[in-house]
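Step one of this worksheet: look at the structure below.
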Amino acid sequence: MKYLINVTFSVFFLFTLVSCSGGGDDNDITNPEDQVKSIKLSVSNEYVELNNQAVFEVLSDKNKVLTSSCKFFVNNKEITGNTFKGDLGDYSVYATYKQLISTPKTFNIIPEIVYYKTNVLVEDYTGTWCGWCPRVSQAIKLLKEETSQISVVAVHVGDNMQISKSSALTNAFSVNSYPHVQLNRNSKWDGDQPNNLGAVTGLLGSPRKIGLTMESSLNDRTLSLKVKTQFGFPYTDLKLVVFVLENGIIADQINFTSYFPELDRYTNSNNQPVSKSFIHDNVLRESLTAVLGDDIESSSTQSGSIYEKSFNYDIPSDFDISKMEVVAIIVDKDKQAINSRMSKLEENQTFEKL
């Protein structure tokens with residue numbers, strides 16, 4: 001009888017030990033706090049360069065990593081492991097964990113990303129009446145001595161160089177005090193600009209995934225212009241802006257600064273100091289597109305695509321053709337400039353690939 005009692009106790013102890021261990025099953029009803037109710041799938045990148053791998057990860061609703069316990073299906077075919085390498089194209093992936101199925105995710109395998117030289121867009125809102133605006137003119141002069149990777153547009157307001165489309169720009173970027181300088185249409189260049197060139201040159205270090213070229217010719221005073229944009233990465237919701245500029249326009253400038261001492265000065269009727277025969281460069285003369293940009297079809301903005309648009313413009317007789325140039329700008333849906341490029345007339349450019 002003693003031997004029977006010992007055997008019964010041993011069996012009961014073993015059964016109790018196994019029952020309490022829970023078996024490590026996340027969905028074991030004896031451990032409701034560990035149950036996985038849903039799984040969340042993530043992909044390493046929405047765009048994966050050709051010959052690189054897409055990497056998948058799965059988390060539980062409590063953020064526990066479940067990747068190694070999951071199965072993955074790319075375009076409805078099970079794969080080995082949690083990585084995938086394929087040909088160019090669009091793909092869909094989902095994961096399963098026991099009886100649970102994740103929400104599908106999409107990703108795209110694209111050609112190798114191509115990078116281009118950055119050209120910072122500097123839009124200077126100015127006027128001959130603006131006494132502190134020569135400070136920006138001096139800063140731009142110094143910038144041009146330091147780098148060629150800037151696209152400068154002087155948007156005149158309140159003088160005889162203002163164009164009708166200028167108000168669309170001042171309204172879009174809340175220009176209500178002067179000087180006002182926009183960098184890439186997403187930040188202001190404030191402060192003492194001549195001593196803060198780094199605010200502009202600091203933007204040159206990030207290469208762009210969009211490149212621009214221009215080709216132009218003149219037939220008498222008719223400008224024929226072709227703008228080409230090459231995309232090293234897929235984009236959507238882009239716009240093209242094209243401006244015609246003129247350099248070397250002579251007009252007296254109210255000048256509260258000490259810059260441009262080489263120019264003769266006089267005091268006007270309002271007792272303001274004026275720099276005589278001030279040279280105004282990069283003056284916006286015409287916009288061949290909407291000033292905020294014309295839409296580019298998304299079918300034309302995929303990796304490796306080249307988008308072309310042609311323009312014809314009859315240059316007014318009072319503009320000096322020998323001092324004119326054009327600038328092209330690609331902006332996104334938030335009006336921010338992704339890249340830009342300047343060109344003299346009758347110049348044929350190539351893409352500035354890095």
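Taken together, the values in this text are just the output of simple stated rules run on the coordinates, not laboratory data. This structure is a prediction, so every number in the text was calculated from the model and none was measured. So basically every Cβ, Gly included, is an ideal-geometry build from the backbone, and we count neighbours across all protein chains shown.
Which lysines, on any chain, are close to K309 with Cα under 27 Å apart, when same-chain ones fewer than 8 places away are left out? Correct list for K309: K117, K165, K209, K226, K228, K239, K323, K333, K335, K344, K353. When only alpha carbons are used to place a centre, the range 334-354 and the range 167-219 end up 13 Å from one another. Proximity of backbone amide H atoms, modeled 1.01 Å from N, is registered between V120 and I150, S151 at under 5 Å, excluding neighbours fewer than 5 places apart on the same chain. Proximity of backbone amide H atoms, modeled 1.01 Å from N, is registered between Y115 and L354 at under 5 Å, excluding neighbours fewer than 5 places apart on the same chain.
Rounded to whole numbers, the Karplus 3J(HN,Hα) couplings from phi for the range 81-86 are x, 10, 10, 9, 10, x Hz, using 6.51 cos²θ - 1.76 cosθ + 1.60 with θ = phi - 60°, and x at Gly and Pro.
Farthest toward the positive end of the dipole of the chain, out of A251, T222, I150, is the Cα of I150, where the dipole comes from beta carbon charges about the Cα centre.
In plain terms, the C-alpha convex hull of the range 120-344 casts an average shadow of 12.5 nm² when viewed from every direction.
The modelled label-to-label distance between N186 and T147, using points 7 Å beyond Cα along the C-beta direction, is 1.5 nm. The string of couplings for the range 282-292 from the Karplus curve (6.51, -1.76, 1.60, θ = phi - 60°) is 6, 6, 5, 9, 7, 10, 7, 10, 4, 5, 9 Hz, one whole number per residue in order, with x for Gly and Pro. Rounded to the nearest Hz, the phi-derived 3J(HN,Hα) couplings of the range 171-177 under the Karplus curve 6.51 cos²θ - 1.76 cosθ + 1.60 (θ = phi - 60°) are 6, 5, 10, 6, 7, 9, 8, where x marks glycine and proline.
Sorted by mean Cβ packing within 10 Å, highest first, what order do the peptides 66-75, 221-230 take? Intermediate results must be reported in sequence, preceding the final value.
Details: 66-75: 16.2, 221-230: 18.3.
Most protected by this proxy first, the peptides run 221-230, 66-75.
About the centre of its Cα atoms, the range 120-344 shows a dipole size close to 360 debye [charges on the beta carbon of Lys, Arg (+1) and Asp, Glu (-1) only; nearest 20 debye].
When only alpha carbons are used to place a centre, the range 229-282 and the range 123-164 end up 3 Å from one another. Bridges between two residues of the range 120-344, per DSSP, are antiparallel at a rate of about 85%. Computed from Cα positions, the angle between helix 2-21 and the longest principal axis of the chain comes to roughly 10 degrees. Charges were assigned to the Cβ only: +1 to each Lys and Arg, -1 to each Asp and Glu. The resulting dipole of the range 193-247 about its Cα centre is roughly 180 debye. The lysine pair count for the range 25-110, using Cα distances under 22 Å and pairs eight or more places apart or on different chains, is 24.
In µm²/s, what is D for the range 25-110 at 37 °C and 0.692 mPa s, where D = kT/(6 pi eta Rh) by Stokes-Einstein and Rh is the Kirkwood radius from Cα pairs? D = 244 µm²/s. In straight-distance terms, cross-link reach from K144 covers every one of the aspartates and glutamates whose alpha-carbon lies under 15 Å from its own, apart from those fewer than eight places away in the same chain; here that gives E123, D124, D281. Amide H to amide H distances under 5 Å link R285 with V244, L245, E246, where only residues 5 or more positions off or on other chains count and H is placed in the peptide plane.
Ordering H180, I109, S137 by Cα displacement along the dipole of the chain toward the positive end leaves I109 in first place; charges were set at the Cβ atoms of Lys, Arg (+1) and Asp, Glu (-1).
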